[in-house]
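Structure, as structure tokens:
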Amino acid sequence: MEINIHEFEQVDSTNRVLMDMAKEGAEIGTVVWARRQSTGRGRLGRSFQSPEGGVYMSLLLPLEADSQKSGFFLTAMAGVAVKRTIYQVCNRKCGIKWVNDIILDGKKVCGILAQGASDKVVMGIGVNYTTDTSSFPPEVRDIACSIYEDPRMAPPIETFVSALAANVYDICLSKDKTWLEEYKSSSTIVGNKVQIIQAGKITGSGRAVSIDDNCFLHIIDDAGKEIVLSTGEVSVRNNYD
């Protein structure tokens, strides 16, 4: 399969651009990336800050009936692809916070958002590559980071983009399941006490105990009941005995 990468200085949203291209017949392997976005979008309808220095990329993937190639499952695959790329290109080791936040030195360095486009999936990935952390909004400065604080230390951003696109397609189009164990073992959540957040509200708390083969998160709540999450999010509880 040929990977066809389209580069832009700035767009409103790479997902929006690629969704329009998909409607016009773009094929699997089409990639859009930009150095800046004006109206980037994150999970749960949140805005996604997209200042200069980041990699803002969208990739067109097939949507298959198999539940293990659903948008949810594909985001987990993409998380492993990002983790691998950061190690291969930057020699930095990351973890994955369920479902698909990439964590570097305890802070978020990447977000992922999948959106349906007819019979395809547009996979949006935003990586803080050499982003000046002072450009982050005040509310995220303590929880977000960049791979490189000094842009002079970074390999060319185009090298990272090409490697990331290759890794996403390699994992998402392959029948090889080795990525799944890598996803599980990379978890920054399993073993920790967490709060469960649904629709922006805390709905429970407990200890995250495992991730299953569907990438669902298993939690034993404070009453001893097992909860299996396939949607929503969790946050680590810092002051919880």
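The values are calculated or read from the model by the stated rules, or taken from the named source; none is laboratory data. Just so you know, these numbers come straight off a predicted model, no measurement behind them. In this analysis, Cβ positions are derived from the backbone assuming ideal geometry, glycine residues included, and neighbour counts consider all displayed protein chains. Surface accessibility is based on the protein's heavy atoms, side chains included, excluding ligands, DNA and RNA. Shrake-Rupley method; radii C 1.70, N 1.55, O 1.52, S 1.80 Å.
For the chain, with a Gaussian network of springs between Cα atoms less than 10 Å apart, report the residue from ASP212, ASP221, ASP176 with the top mean-square fluctuation. Maximum fluctuation in the GNM of the chain, among the listed residues, is at ASP176. Electrostatic tally near LYS83: other residues with Cβ closer than 12 Å to its Cβ, Lys and Arg +1, Asp and Glu -1, net +2. In the context of the full set of protein chains, the chain has a per residue accessible area of 48 Å² (1.4 Å probe). Quick check: at a probe of 1.4 Å, how many percent of the accessible area of the range 122-241 sits on carbon and sulfur atoms? Carbon-and-sulfur percentage of accessible area, whole number: 51. Pairs from the table (LYS97/LYS177; LYS93/LYS225; LYS83/LYS175; LYS23/LYS83; LYS120/LYS175; LYS107/LYS184) lying more than 24 angstrom apart at Cα are LYS93/LYS225; LYS23/LYS83. Among the trypsin sites (Lys or Arg not before Pro) in the range 91-129, those placed in a DSSP loop whose Cβ has at most 15 other Cβ atoms within 10 Å are ARG92, LYS93.
Please give the net charge around ALA22, taking every other residue with its beta carbon less than 10 angstrom from that of ALA22, where Lys and Arg add +1 and Asp and Glu add -1. Residues close to ALA22 contribute a combined charge of -2.
Equivalent ellipsoid of the chain: semi-axes from √(5λ) of the C-alpha gyration tensor, largest first, are 28, 22, 17 Å. Spin-label pair ILE202-TYR87: with each label point 7 Å from Cα along the Cα-Cβ axis, the two points sit 3.4 nm from one another. With contacts defined as alpha carbon pairs under 8 Å and 6 or more residues apart, what's the relative contact order of the range 117-180 in percent? Relative contact order for the range 117-180 comes out at 25 percent. Just checking the listed ones, CYS90, CYS110, CYS145: in the Gaussian network model of the chain with Cα springs under 10 Å, the one fluctuating most is CYS90. The relative contact order of the chain comes to 16 percent, based on Cα pairs under 8 Å that sit 6 or more residues apart. Of all segments of the chain bounded by GluC sites (Glu not before Pro) found in a DSSP loop with no more than 16 other C-beta atoms within 10 Å, the longest spans 150-241.
Report the trypsin sites (Lys or Arg not before Pro) located in the range 169-218 that are in a DSSP loop and have at most 11 other Cβ atoms inside 10 Å of their Cβ, or state none. Passing both the DSSP loop test and the Cβ count: LYS175, LYS177.
Membrane-span-like helices in the chain, defined purely by DSSP H runs whose alpha carbon atoms cover 24 Å or more axially and whose average Kyte-Doolittle hydropathy reaches -1.0, are 71-90. Computed as a quarter of the hull surface, the mean projected area of the alpha carbon convex hull for the range 140-198 stands at 7.0 nm².
Computed from the C-beta positions of ASP176 and VAL209, the FRET efficiency with R₀ = 22 Å rounds to 0.25. Build a GNM of the chain with springs between Cα atoms under 10 Å apart, and of GLY204, GLY95, GLY25 the one that fluctuates most is GLY25. Using every pair of separate Cα atoms, the Kirkwood estimate puts the hydrodynamic radius of the range 101-241 at 17.5 angstrom. Within the range 81-138, the ratio Rg/Rh, alpha carbon atoms throughout and Rh by Kirkwood, equals 1.02.
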